[in-house]
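See below for the structure under consideration.
Bear in mind these aren't lab numbers, they're just calculated from the coordinates by the rules spelled out. Note that this is a predicted model, so its numbers are computed, not measured. With ideal geometry, Cβ positions are generated from the backbone for all residues, glycine too; neighbour counts draw on all protein chains shown.
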Amino acid sequence: MAKKDDKKQQENPVADTGKGKSKLLFIIIGLLVMIIIGMAAAFFLLMPAPSDEQIAKEIEKDQAPQEVTYSSDTEVGVMVELQPFVVNLADPKAKHFLKASITIELQDDKAKEEAEKLMPRIRNDILMLLSSQTLEDVISIEGKVRLKDEITARLNRIIGQGKLKNVYFSQFVVQ
C-alpha cells in the first residue's frame, strides 16, 4: 500500500506542476498584455493634442498653391546641361529604369556659378526624386509635367527663388 501512495504522490505533483505552469504562463501573458495596453493608453491620453490653430495652419499650408516662378521673358537665360540620370524605378511589379537628361535654365551667370557649387546636392535631390517614381508616375504627359514641377520646386529650394527660370527634359527614356 505504501508503494501505491508513493506512486500517486509522484504522479500528482507532476500533473499539478504541469497545470500550474500553464496557469502561471497564462497569467504572465495576460499581465504583459494588460501592461502594454495600459502603456499605450497612457501614451495617447498624456500626449498633448494639437490645437485647432495648429491644425488650421497645417491645412492651409497643404492647400496653398506652391509658388513656382516661371519667367515670361523672351530672353533666354544661361543653360546648364546636367549629366544624364539613369535610375531604377520604384516599381514593385517589375524592374524598369529611367534615363533622363535634364537642362536647367538659370537667370544669369551668377546663378550658374552658385548652381555649379551646389551641383552634388542638385544631382542628389534629382536622383532621389527620380528613383522614387513608379512607371505609372512617369509614363504619362501629366506625370512628366508633375515631375518637372517637383524638380523645379526642389531646385528653387537649393539655388534660391527667382534664380531658376525653367527645367527641360532633353531625353526621357523609360524601359
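Could you rank the peptides 109-117, 29-37, 123-131 by their average count of other C-beta atoms within 10 Å per residue, with the highest value first? Before the final figure, lay out the partial values.
Working: 109-117: 14.6, 29-37: 10.0, 123-131: 16.1.
Most protected by this proxy first, the peptides run 123-131, 109-117, 29-37.
With the radius of gyration and the Kirkwood radius both derived from the Cα set of the stretch 76-170, what is their ratio Rg to Rh?
0.99
Distances longer than 15 Å among the Cα atoms of the stretch 107-149: what percent of all pairs is that? Walk me through the numbers on the way to the answer.
Numbers: 495 of 903 pairs.
Percentage above 15 Å: 55.
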Please list, in chain and number order, the residues 5+ apart from Gln133 or on another chain whose amide H is under 5 Å from its amide H, with Hs placed from the backbone. Ala90
